[in-house]
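Below: one structure, written as structure tokens.
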Amino acid sequence: MTLHELLDTIRAFDDVLELAPREGSALPEISWGDHFFYYAPDGQVPQREQPYATVVTKNYPGDTSCDLDAPGRWRLNIRVGREAFAGLLGEDPRSEGAPRDYTVSDTLLPHPVYRAHGWVAVVNPGDRTGELAVRLLREAHGDAVRRARRRRNTGA
């Protein structure tokens, strides 16, 4: 799965909003070249909601274990929730977990920074993880839809 194919897949979801900061944008320079996905039927970034998926193309301060500064590397990050995380990876996301090689590609891993919040990651999804990644993205999008509707119905 190429980055372009993945982005096209996510962009096809109903009411998805993609933030894709570019050089010169008002968003922080560190985010330039990355992609952040929200459920936003009104086309506006939700005020009290984090993205349900991101694609990062470089190392961030405190997040260098995946070696994303190497050419051709990028990482898909998906908010799956703690219960799904445990089912997918067989461990509690709030535990430290076993040591891992985060440089491995095409393997579902706990997010190196946000695992405790139920996030998973895949560096360069491919034959082993491409279909799973798309399924998890669809589920994460559906979860974002449900959260938005619940907030709207409760006035929160």
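The values are calculated or read from the model by the stated rules, or taken from the named source; none is laboratory data. This is a predicted model, so every value here is computed, not measured. Please note: Cβ atoms are built from the backbone with ideal geometry, for glycine as well, and neighbour counts cover all protein chains shown.
Within segment 12-21, can you find the residues that are farther than 14 Å from R135 by Cα and either surrounded by 13 or more Cβ atoms within 10 Å (Cβ to Cβ) or of a type in the set (F, W, Y) (or both)?
From segment 12-21, those farther than 14 Å from R135 by Cα are 14-21; that's our starting set.
Answer for segment 12-21, where residues must be farther than 14 Å from R135 by Cα and either surrounded by 13 or more Cβ atoms within 10 Å (Cβ to Cβ) or of a type in the set (F, W, Y) (or both): D15, V16, L17, E18, L19, A20, P21.
Being loosely packed, with under 15 Cβ neighbours inside 10 Å, farther than 19 Å from T2 by Cα, among the basic types (K, R) and in contact with a helix residue (DSSP H, G or I) (Cβ under 9 Å, 6 or more places away or on another chain) is true of R94. Residue by residue through segment 107-120, note down the ones that are surrounded by 17 or more Cβ atoms within 10 Å (Cβ to Cβ) and within 15 Å of R82 (Cβ to Cβ). Those that are surrounded by 17 or more Cβ atoms within 10 Å (Cβ to Cβ) and within 15 Å of R82 (Cβ to Cβ): P110, H111, Y114, R115, G118, W119, V120.
Answer with yes or no whether A148 is in contact (Cβ under 8 Å) with a residue 40 or more places away in the chain, surrounded by 15 or more Cβ atoms within 10 Å (Cβ to Cβ), under 20 Å from D8 (Cβ atoms) and of a type in the set (A, V, I, L, M). Answer is no for this residue.
Total residues in segment 121-156 satisfying the condition of being out of contact with any helix residue (DSSP H, G or I) (no Cβ under 6 Å at 6 or more places or on another chain), assigned to a strand (DSSP E or B) and among the β-branched types (V, I, T): the figure is 1. L68 meets all of the listed conditions (1) over 14 Å from T103 (Cβ atoms); (2) surrounded by 18 or more Cβ atoms within 10 Å (Cβ to Cβ); (3) among the aliphatic types (A, V, I, L, M) but one, namely (1).
Mind listing whichever residues of segment 115-139 are free of Cβ contacts under 8 Å to residues at least 12 places away in the same chain and of a type in the set (K, R)?
Of all residues in segment 115-139, those free of Cβ contacts under 8 Å to residues at least 12 places away in the same chain come to 131, 135.
R135 - this is the single residue of segment 115-139 that is free of Cβ contacts under 8 Å to residues at least 12 places away in the same chain and of a type in the set (K, R).
Looking only at segment 64-75, decide whether some residue is modelled with pLDDT of 95 or more, under 26 Å from R151 (Cβ atoms) and not aromatic (F, W, Y). No, every residue in segment 64-75 fails to be modelled with pLDDT of 95 or more, under 26 Å from R151 (Cβ atoms) and not aromatic (F, W, Y).
Out of the residues in segment 22-38 meeting the condition of being surrounded by 13 or more Cβ atoms within 10 Å (Cβ to Cβ) and not aromatic (F, W, Y), tell me which one is farthest from the chain's Cα centre (by Cα). Even if it seems obvious, please write down each step before you answer.
Within segment 22-38, the subset surrounded by 13 or more Cβ atoms within 10 Å (Cβ to Cβ) is 27, 30-38.
From what is left, the residues that are not aromatic (F, W, Y) are 27, 30-31, 33-35.
Values: L27: 18, I30: 17, S31: 14, G33: 14, D34: 11, H35: 9 Å.
Among them, the one singled out is L27.
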